[in-house]
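Everything on this sheet refers to the single structure shown next.
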2 protein chains.
Amino acid sequence: MAKLSDLIEAFIKQMINDTDGTIEIQRNELANQFNCVPSQINYVIDTRFTTERGYYVESRRGGGGHIKIRRVSIEHKGKNFLMHIINSMGDNISQQSAYVFINNFVDYEVISEREGMMLKAATSDKVLMAAPVEVRGYIRASILKNMLVSLLV
Amino acid sequence: MAKLSDLIEAFIKQMINDTDGTIEIQRNELANQFNCVPSQINYVIDTRFTTERGYYVESRRGGGGHIKIRRVSIEHKGKNFLMHIINSMGDNISQQSAYVFINNFVDYEVISEREGMMLKAATSDKVLMAAPVEVRGYIRASILKNMLVSLLV
DNA sequence: ATTATTGAAGGTCAAAGATAGTCAAAGTGA
DNA sequence: TCACTTTGACTATCTTTGACCTTCAATAAT
């Protein structure tokens, strides 16, 4: 018997294929269809629909809450390049290192200067000051990758 | 009934678009149309049509009372407007609140949709997961403001 | 003319309801 | 054994509801 998570993964991918690349699900409802606990949906999303694999995920809690999953397109050559770089990034990145990535993207015209500025603003040390020093690099990596993937949507 | 608030928000925005930017509603009447309690109208206004989000709200009680919602005028678009909003933002912002800001900027055409996506990507709960929950709102506010300021350059 | 009363709005706030997220222990299988 | 999966108790966030409060305009009472 195939693993439940694999089934859920396949199901979600099918849904995405059936649409134009974006779906919106309700965690509880989906968990119900698969007879599993709701948090298993999170597990599937966290392990299979990551930025590294080219997915952009948003969610909202409370009444009317939902999870939105978008598959980004990597058909264009610039996009493919970007995806490779995202995959090569670690999950703990310094400001300096982030800026090197960003400058390169601008140099290679993968992103615009304006976008580069926004990326730098979002990944600067200054902006993460309120975060404990041990986790800044992780947050920065997460922000950087998520923003880059959002550009591929 | 899921997403009632979103429906009401959309309805009000539509009304505003259909006019020259100012509408006058009666709380009870609107609540009636949506089959909800009157105070839900307040909830929608308080969370989506605040001054800092580009709307000006006035109201009057008693007989003939009403709520007037005005969208900040076209003349105030652009850098000054953005700067003004940035200054009025608190320093602790939830994802939901950030997204409302961002949606409004896109609506106002102060930023592009692509830039809106990047802002959302950078201010999502998901991306700040590694930060202690008590400081997330502060980091988010910092990211949001810094990114917006970077657009003013 | 002045004041008191009343009914018709809108405002507040906190509890209850509805979702989703987290984390770590327990289970599984190669 | 070791990495991956499954579960569930606990947490965080957003929405809906309702009881109670405040304000205003019209008008009745003095």
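All of the numbers you see were taken from the coordinates with simple rules; none came from a lab. Since this is a predicted model, take the numbers as computed values, not measurements. Heads up, the Cβs are rebuilt from the backbone with ideal geometry, glycines too, and the neighbour counts pull from every protein chain shown.
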Sorted by Cβ neighbour density within 10 Å, fewest at the top, the residues A:55, A:43: A:43, A:55
About the Cα centre, charge dipole magnitude for the stretch B:31-153 (Lys/Arg +1, Asp/Glu -1 at Cβ), debye: 180
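Normalised by the number of residues in the stretch A:76-153, what is the relative contact order in percent for Cα pairs under 8 Å and 6+ residues apart?
So the answer I get is 44 percent.
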Residue B:51-residue A:68 pseudo-label distance in nm [points 7 Å out on the Cα-to-Cβ vector]: 3.0
Mean ellipticity per residue at 222 nm, deg cm²/dmol - from DSSP H runs of n ≥ 4 across chain B, formula -39500 (n - 2.57): -18000 deg cm²/dmol
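Need one word for the stretch A:89-153: rounded, prolate or oblate. Basis is the Cα gyration tensor (sqrt eigenvalues a ≥ b ≥ c); a/c below 1.5 gives rounded, then a/b vs b/c decides.
Here the stretch A:89-153 falls in the prolate category.
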Cα lying deepest toward the dipole's positive end in the protein assembly as shown, options B:144, A:64, A:130, charges on Cβ: A:130
Percentage relative contact order, chain B, counting C-alpha pairs under 8 Å, at least six apart: 19
Rg over Rh, two decimals, the stretch B:1-107 (C-alpha only, Kirkwood Rh): 0.97
Hits among lysines - C-alpha to C-alpha of residue B:3 under 25 Å, sequence gap 8 or more where chains match: A:68, B:13, B:68, B:120, B:126
Angle between chain B longest axis and helix B:4-18 axis [Cα atoms, degrees, rounded to 10]: 80
Net charge dipole size for the stretch A:16-68 [Lys, Arg +1 and Asp, Glu -1 on Cβ; Debye, nearest 20]: 180
Cα-based helix-to-principal-axis angle, A:38-48 vs chain A, degrees rounded to 10: 50
For the stretch B:54-63, 3J(HN,Hα) per residue [Karplus equation, 6.51 cos²θ - 1.76 cosθ + 1.60, θ = phi - 60°, Hz, x = Gly/Pro]: x, 10, 10, 10, 10, 8, 9, 8, x, x
Shape category assigned to the protein assembly as shown from the gyration tensor of Cα positions, a/c cut at 1.5: oblate
Pairwise label distance in nanometres, residue A:6 with residue A:133, each label 7 Å out on the Cα-Cβ vector: 4.6
Computed over the stretch A:1-85: relative contact order in percent, which uses C-alpha pairs under 8 Å that are six or more apart: 28
Between the stretch B:45-108 and the stretch A:1-49, the Cα center-to-center distance that results, in Å: 37
